[in-house]
Amino acid sequence: MKSCKKLLSILCALALALLVTACSSTESEDTSETDTTTETETTETDEVEETSADTETTTQVGQITAIDGSTVTLQLGELTGMSGGGFDGEAPELPDGEEMGDGEAPEMPDGEAPSDVPSDGEAPSGGDGAPSGDGEAPDDLPTDGEGGDFDGEMPDGDGDFDGEMPEGGGFDGEMPDSQGGGMGGSGFTAGDESLILDLTDVTITLSDGETGSVSDLAVDDILQIEYDADGAVSSVTVLSLTGGMGSGDMGGSFGGDSTEVEQGTAANTIDEDGDYSGGTYTSTGDDENALRVDGATVTLDGITVDKSAGSTSNTETGDFYGMNAALLATDGADVTITNATVTSSAQNGNGVFSYGEGTTVTISDSVITTTADNSGGIQTTGGGTTIASNLTVETSGSSSAAIRSDRGGGTVNVDGGTYTTNGYNSPAVYSTADITVANAILTANSSEALVIEGENSIALTDCDVYGNMSDTQGTSSDENVHSVMIYQSMSGDAEVGTSTFSMTGGTLTSNNGDVIYVTNTHCVLTLSGVTIVNNETDGNLLTVTGNSASHGWGSAGSNGAQVEFTADGQTLEGDIVVDTISTLEMTLTNGSDFTGTVNIVENAEGGDAVEDNAVITVESGCTWTLTGDCTVTSLTNNGTINFNGYTITLADGTVLSE
């Protein structure tokens, strides 16, 4: 008890010293009460200055939610916190309700400052109630205003402080909150408005002070936008926000690297086993689920879930752990959902989210609709499981896959239904998990249709898949335009290893770019009985290459792909390209028929060539019909090759022809 009393007395003395110092810095002997009431109030977020309603905004702050070529989409908001004090941007209230800045020190409860508060900002020198009781400040208190060696216990003493602060002193016994994660911290709080900017020819200053370009920006970066007198963007600065004392990162604030499980709050929580029918669950709050099922075994029938407003303070906690999702199942919950209607119009508001090992969501005959950015349809992370059947899922925001997984992966099984996306960077399926889909229609109207990241998989059976990626809109369109992308981002969201893509039956329609693009990963690719339609006349059937590393996908010149491609009873048409730092082992088997070319091209980044770039095997009963000259490393032909007047040149210089 003594330790608590002494701790509070020290905090009291330090708080009073801070208040006196703050007021002394603005002291003016002749400031009148009228001056106080007319004084312009400032906040700690002067970086986000806005003029009055009838003038132009000169500065704004926002968080990147999408990058499409030179166009950046931002979620606008404000900086919070202050440097050095851990306050939340507002000075503590004074006893009489007046604000600081009037040139006078705050009045204490009895109208006078206590006699034992020194005027020099140092700790009290003893007396009744002084922390040490020996007339001297404790040896281990810092004297320079910085953190010292304080070990969590106060020095012994005989002061008679009773553990409570005097009433009306403007200090309630607790230090003010810091929105930035701790003393000296700052953070970003998202608002409800978004902004789309074209940053062509705009000066961009990176967080290290260097001048950069749009290619140096990434989703979740915090930008400060400066406008000129005409309202045009004059410059952009990437802000580096800090979390705890001396921290170099945001400690989980918006856009930070979230390593701690944070799920926010829930407007409605079910944590007891049971059956629930016909309920309506809503949310408009930030960082808040409309419905959370926490560790319980429940059946939900005919429910309505609506996340109509409220944004997330951190897209990573939203993507990884389910913060701000409409419906979140977590902590080993076993949830069965039928005939549900789930809607979300909140930023980073995923529809139905299954998080964590032991958590299972089984959902059928339901409709899920999301409209904002970073808002997938069904989301699975952290080793969770989702089993879905006969769903109608539609998303409209960017980075909003209909079937989606993220860090920690899990297992997703889908049977039947339609899954449609309308936003950029929003494939029908984005996999950092093991995902199987059967008998479904998968449509991406403004994005590639399927993406596999790292050591994960997509297996499709009798599905109809449609991709329509933009040439200019979408974060990876500057590298390659495609309908299926298999890669390793190196972001930490997926383990490095073998990506697996298999498709049996159904159709794969590519409306723009290459049909399949593989980079910076090892991939096992199998197609069997798939009808492939390539509506892009210049698009390759398969591209296996390195990349520029502008997105962090490995190191330029050494980030090629290694693909083992089996065409099993498959009809193929189109060109296949593999660069000199990549490898392709292609096997035609079980009566497969391939019409097209295979060629080795130089790596665009000048990387060192590897061996066995293109090893082709044509098994008995299979046919390869050439549509142009080809270059391959080696060829094993036990089937039929129709040269059509073209040649195949091997790595050893041998030229094959009819």
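For this structure, a couple of remarks:
- Test: Thr526 is part of a strand (DSSP E or B), open to solvent by less than 30 Å² (accessible area, probe 1.4 Å) and among the polar types (S, T, N, Q): no
- Asn350 meets all of the listed conditions (1) open to solvent by less than 10 Å² (accessible area, probe 1.4 Å); (2) out of contact with any Leu (no Cβ under 8 Å at 6 or more places or on another chain); (3) outside any loop (DSSP other than H, G, I, E, B) but one, namely (3).
- Hits in region 363-391 - residues which are among the hydroxyl-bearing types (Ser, Thr, Tyr) and surrounded by 24 or more Cβ atoms within 10 Å (Cβ to Cβ): Ser366, Thr370, Ser375, Thr380, Thr381, Thr386
- For the residues Glu394, Glu357, the requirement of being surrounded by fewer than 24 Cβ atoms within 10 Å (Cβ to Cβ) and not in a strand (DSSP E or B) singles out Glu357.
- Where Ser426 falls short, out of the listed (1) surrounded by 24 or more Cβ atoms within 10 Å (Cβ to Cβ); (2) hydroxyl-bearing (Ser, Thr, Tyr); (3) farther than 30 Å from Ser70 by Cβ: (3)
- Some residue of region 560-572 being more than 22 Å from Asn480 (Cα to Cα), among the hydrophobic types (A, V, I, L, M, F, W, C) and either at pLDDT 95 or above or buried (at least 19 other Cβ atoms within 10 Å of the Cβ) (or both): yes
- Of all residues in region 407-416, those satisfying the criterion of being surrounded by fewer than 24 Cβ atoms within 10 Å (Cβ to Cβ) and at pLDDT 95 or above are Thr411, Asn413, Asp415, Gly416.
- Considering (1) farther than 20 Å from Ile516 by Cβ; (2) buried (at least 17 other Cβ atoms within 10 Å of the Cβ), the lone condition that Gly591 does not fulfil carries the number (2).
- With respect to the conditions (1) hydrophobic (A, V, I, L, M, F, W, C); (2) closer than 12 Å to Ala402 by Cα; (3) open to solvent by less than 40 Å² (accessible area, probe 1.4 Å), Ile441 lacks only one, and its number is (3).
- Among the residues of region 292-325, the ones that are of a type in the set (D, E, K, R), within 27 Å of Asp275 (Cβ to Cβ) and open to solvent by 10 Å² or more (accessible area, probe 1.4 Å) come to 4 in all.
- The single residue among Asp373, Asp306 that is part of a loop (DSSP other than H, G, I, E, B), more than 19 Å from Gly408 (Cβ to Cβ) and either without any contact (Cβ under 8 Å) to a residue 60 or more places away in the chain or among the acidic types (Asp, Glu) (or both) turns out to be Asp373.
- Number of residues in region 376-391 that are without any contact (Cβ under 8 Å) to a residue 40 or more places away in the chain and of a type outside the set (Gly, Ala, Ser): the value is 6.
- Note on region 487-508: residues that are at pLDDT 95 or above and out of contact with any Asp or Glu (no Cβ under 8 Å at 6 or more places or on another chain) total 5.
- Residue within region 561-579 that is of a type in the set (Ser, Thr, Tyr), part of a loop (DSSP other than H, G, I, E, B) and touching a residue at least 12 places away in the same chain (Cβ under 8 Å) present: no
The values are calculated or read from the model by the stated rules, or taken from the named source; none is laboratory data. This one's a predicted model, so the numbers in the text were calculated from it and none came from an experiment. No Cβ is skipped: glycine too gets one built from the backbone with ideal geometry, and neighbour counts run over all protein chains shown. What goes into the accessible areas is simple: the full protein's heavy atoms, side chains included, and nothing from ligands, DNA or RNA. Shrake-Rupley method; radii C 1.70, N 1.55, O 1.52, S 1.80 Å.
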